[in-house]
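The values are calculated or read from the model by the stated rules, or taken from the named source; none is laboratory data. Note that the coordinates shown come from a computational prediction; the quantities given were computed from them, not determined experimentally. Cβ coordinates were reconstructed from backbone atoms using ideal geometry, including for glycine residues, and neighbour counts include every protein chain displayed. Keep in mind that these areas ignore ligands, DNA and RNA; they rest on the heavy atoms of the full protein, side chains included. Shrake-Rupley method; radii C 1.70, N 1.55, O 1.52, S 1.80 Å.
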Amino acid sequence: ILPLFSKHKVVHFNRTDTRLANNGIPLALQKLRCRVNFQGLKFTPQIETLGHKLVRILQEKGPFVALHLRYEMDMLAFSGCTHGCTVEEAEELKRLRYAYPWWREKEIVSEERRQQGLCPLTPEEATLVLQALGFTKETQIYIASGEIYGSERRLAPLRAAFPRIVKKETLLDPAELQQFQNHSSQMAALDFMVTLASNTFIPTYDGNMAKVVEGHRRYLGFKKSILPDRKKLVELLDLHQNGTLPWNDFALDVRQAHEKRMGQPFHRRIIPDKPKEEDYFYANPQECLCEGTGCEDLLDHGKSSKVTM
């Protein structure tokens, strides 16, 4: 690697984002990782300019929530999550999964995966959760995502409950987005900038982007990030929708389940011999979040935030 680095000055390690060590690294190196990831790395000037414009437009209209709605076609196909889809849509998603030979997991039982909390919330589920958390029709919500599977039909309940829904496509002139249109990562970069600036961040799935936004917002001063407990939510949603759990009880249970899932400080979970299952450094870079003797108290107790909007 050294000759390559000496020649090019930068080496790109592909597909290593989730294979980096989380723990057992000297404090100085952990802090360096934070400085690089959260301060040193920048997007291209074109992305930065348009991203700042998006943030400015949103902030001029008041506080806003960034909802990272991971309900795109490829996400559903590869996760096998088809809850709320028609039979035809479920078959279409399955065909897409089988069309990619590099994706090893083919036969997936959607409902089993959902009950385990391994599926992104559907737009309909996200609507109920947002209402239970206390967000109102006046809440400005920015949808950070690619094309929603099922398009406006699936977004209809969310839009009915929250009329002030916006996306980058509705806030910007099509010509401004033209240069990024065929580059999904660049479009995601615009969403990334907005999620960092939002008053509240809510991901419906804990993928790589959601985890890094979570950690970056902690690094910026523990900005509010409501991190859904999907396994618990599925249980509550099903009880409410089958008539077993009245709305007031459902809303109370949802709020109580998330009092300590608001982006507060806490110790990163370490699992010896199972690094893939432990908490991701960039989602909770605890070594970089405080200085001095009060750090342990901060991390141990992690202020319990009531869900207030």
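Check GLU125, GLU176, GLU152, GLU138 and return the single one that is touching a residue at least 12 places away in the same chain (Cβ under 8 Å) and within 23 Å of GLU91 (Cβ to Cβ).
On the way: GLU176 fails: within 23 Å of GLU91 (Cβ to Cβ); GLU152 fails: touching a residue at least 12 places away in the same chain (Cβ under 8 Å); GLU138 fails: within 23 Å of GLU91 (Cβ to Cβ).
The conditions single out GLU125.
For segment 47-85, enumerate the residues that are part of a loop (DSSP other than H, G, I, E, B) and farther than 26 Å from THR136 by Cα. Spell out how you get there, then give the answer.
Keep residues of segment 47-85 that are part of a loop (DSSP other than H, G, I, E, B), which gives 61-63, 69-71, 80-85.
GLY80, CYS81, THR82, CYS85 - these are the residues of segment 47-85 that are part of a loop (DSSP other than H, G, I, E, B) and farther than 26 Å from THR136 by Cα.
Tally up the residues in segment 94-114 that are part of a helix (DSSP H, G or I) and within 25 Å of the chain's Cα centre (by Cα), please. Write out each step before concluding.
Just the residues of segment 94-114 that are part of a helix (DSSP H, G or I), to begin with: 94-98, 110-114.
Pick out the ones that are also within 25 Å of the chain's Cα centre (by Cα) and you get 94, 96-97, 110-114.
So the count comes out to 8.
Tally time: how many residues in segment 257-281 are open to solvent by 50 Å² or more (accessible area, probe 1.4 Å) and either farther than 29 Å from ASN22 by Cβ or touching a Pro at 6+ places or on another chain (Cβ under 9 Å) (or both)?
Kept after step one, since they are open to solvent by 50 Å² or more (accessible area, probe 1.4 Å), are these residues of segment 257-281: 260-261, 266-267, 269-270, 272-277.
Still in the list and also either farther than 29 Å from ASN22 by Cβ or touching a Pro at 6+ places or on another chain (Cβ under 9 Å) (or both): 261.
So the answer is 1.
Please verify whether ASP253 is farther than 21 Å from MET209 by Cβ, surrounded by 17 or more Cβ atoms within 10 Å (Cβ to Cβ) and either assigned by the TED database to the domain that holds LEU128 or in contact with a strand residue (DSSP E or B) (Cβ under 7 Å, 6 or more places away or on another chain) (or both), treating the condition exactly as stated.
Numbers: farther than 21 Å from MET209 by Cβ: yes; surrounded by 17 or more Cβ atoms within 10 Å (Cβ to Cβ): yes; either assigned by the TED database to the domain that holds LEU128 or in contact with a strand residue (DSSP E or B) (Cβ under 7 Å, 6 or more places away or on another chain) (or both): yes.
Spelling it out, ASP253 is indeed farther than 21 Å from MET209 by Cβ, surrounded by 17 or more Cβ atoms within 10 Å (Cβ to Cβ) and either assigned by the TED database to the domain that holds LEU128 or in contact with a strand residue (DSSP E or B) (Cβ under 7 Å, 6 or more places away or on another chain) (or both).
LYS53 versus (1) touching a helix residue (DSSP H, G or I) at 6+ places or on another chain (Cβ under 6 Å); (2) under 25 Å from LYS224 (Cβ atoms): which is the lone unmet condition?
Condition not satisfied by LYS53: (1).
Of the residues that sit in segment 48-93 and are of a type in the set (Gly, Ala, Ser) and farther than 18 Å from LYS167 by Cβ, which one is nearest to the chain's Cα centre (by Cα)? Steps first, please.
If we filter segment 48-93 for residues that are of a type in the set (Gly, Ala, Ser), which is where we start, we get 51, 62, 66, 77, 79-80, 84, 90.
With the extra rule that they be farther than 18 Å from LYS167 by Cβ, the set shrinks to 77, 79-80, 84, 90.
Working: ALA77: 18, SER79: 16, GLY80: 19, GLY84: 21, ALA90: 24 Å.
Checked segment 48-93; the qualifying residue nearest to the chain's Cα centre (by Cα) is SER79.
Tally up the residues in segment 123-159 that are of a type in the set (S, T, N, Q) and in contact with a Leu (Cβ under 9 Å, 6 or more places away or on another chain), please.
At the first step, the residues of segment 123-159 found to be of a type in the set (S, T, N, Q) are 127, 131, 136, 139-140, 145, 151.
Then keep just the ones that are in contact with a Leu (Cβ under 9 Å, 6 or more places away or on another chain); that gives 127, 139-140, 145.
Number satisfying all stated conditions: 4.
Scanning for something on the phi > 0 side of the Ramachandran plot and either in contact (Cβ under 8 Å) with a residue 12 or more places away in the chain or open to solvent by 30 Å² or more (accessible area, probe 1.4 Å) (or both), does segment 96-108 turn up at least one residue?
At the first step, the residues of segment 96-108 found to be on the phi > 0 side of the Ramachandran plot are none.
No, there is no match, as no residue in segment 96-108 is on the phi > 0 side of the Ramachandran plot and either in contact (Cβ under 8 Å) with a residue 12 or more places away in the chain or open to solvent by 30 Å² or more (accessible area, probe 1.4 Å) (or both).
Does VAL36 qualify as being loosely packed, with under 12 Cβ neighbours inside 10 Å, under 22 Å from SER151 (Cα atoms) and aliphatic (A, V, I, L, M)?
no
If you check LEU27, LEU54, LEU20, LEU50, which single one turns out to be over 21 Å from ASP191 (Cβ atoms), surrounded by 10 or more Cβ atoms within 10 Å (Cβ to Cβ) and among the hydrophobic types (A, V, I, L, M, F, W, C)? Even if it seems obvious, please write down each step before you answer.
On the way: LEU27 fails: surrounded by 10 or more Cβ atoms within 10 Å (Cβ to Cβ); LEU54 fails: over 21 Å from ASP191 (Cβ atoms); LEU50 fails: over 21 Å from ASP191 (Cβ atoms).
Sole residue among the options that is over 21 Å from ASP191 (Cβ atoms), surrounded by 10 or more Cβ atoms within 10 Å (Cβ to Cβ) and among the hydrophobic types (A, V, I, L, M, F, W, C): LEU20.
When segment 204-229 is examined, which residues are found to be out of contact with any Phe, Trp or Tyr (no Cβ under 6 Å at 6 or more places or on another chain), open to solvent by 10 Å² or more (accessible area, probe 1.4 Å) and either closer than 17 Å to ARG70 by Cβ or outside the structural domain of VAL55 (by the TED database) (or both)?
Matches in segment 204-229: TYR205, ASP206, GLY207, ASN208, MET209, GLU214, LEU227, PRO228, ASP229.
Please find, among PHE201, PHE192, the residue that is aromatic (Phe, Trp, Tyr) and open to solvent by less than 10 Å² (accessible area, probe 1.4 Å).
When all the criteria are applied, what remains is PHE201.
Every residue in segment 190-212 that is more than 16 Å from ARG56 (Cα to Cα) and in a loop (DSSP other than H, G, I, E, B), please.
Answer for segment 190-212, where residues must be more than 16 Å from ARG56 (Cα to Cα) and in a loop (DSSP other than H, G, I, E, B): THR204, TYR205, ASP206, GLY207.
Taking segment 172-189, which residues are open to solvent by 30 Å² or more (accessible area, probe 1.4 Å) and either assigned to a helix (DSSP H, G or I) or touching a helix residue (DSSP H, G or I) at 6+ places or on another chain (Cβ under 6 Å) (or both)? It would help to see each step written out before you state the result.
First pass over segment 172-189, keeping only residues open to solvent by 30 Å² or more (accessible area, probe 1.4 Å): 173-176, 178-179, 181-186, 188.
Within segment 172-189, PRO174, ALA175, GLU176, GLN178, GLN179, SER184, SER185, GLN186, ALA188 qualify.
Run down ARG97, ARG114, ARG164, ARG153 and say which single residue is charged (D, E, K, R) and in contact with a strand residue (DSSP E or B) (Cβ under 7 Å, 6 or more places away or on another chain). Give the steps one after another, and end with the answer.
Numbers: ARG97 fails: in contact with a strand residue (DSSP E or B) (Cβ under 7 Å, 6 or more places away or on another chain); ARG114 fails: in contact with a strand residue (DSSP E or B) (Cβ under 7 Å, 6 or more places away or on another chain); ARG153 fails: in contact with a strand residue (DSSP E or B) (Cβ under 7 Å, 6 or more places away or on another chain).
The conditions single out ARG164.
Confirm whether ALA126 is open to solvent by 60 Å² or more (accessible area, probe 1.4 Å), at negative phi and modelled with pLDDT of 95 or more. So that I can check it myself, show each step before the final result.
Values: open to solvent by 60 Å² or more (accessible area, probe 1.4 Å): no; at negative phi: yes; modelled with pLDDT of 95 or more: yes.
Considered against the rule, which asks whether it is open to solvent by 60 Å² or more (accessible area, probe 1.4 Å), at negative phi and modelled with pLDDT of 95 or more, ALA126 comes out as no.
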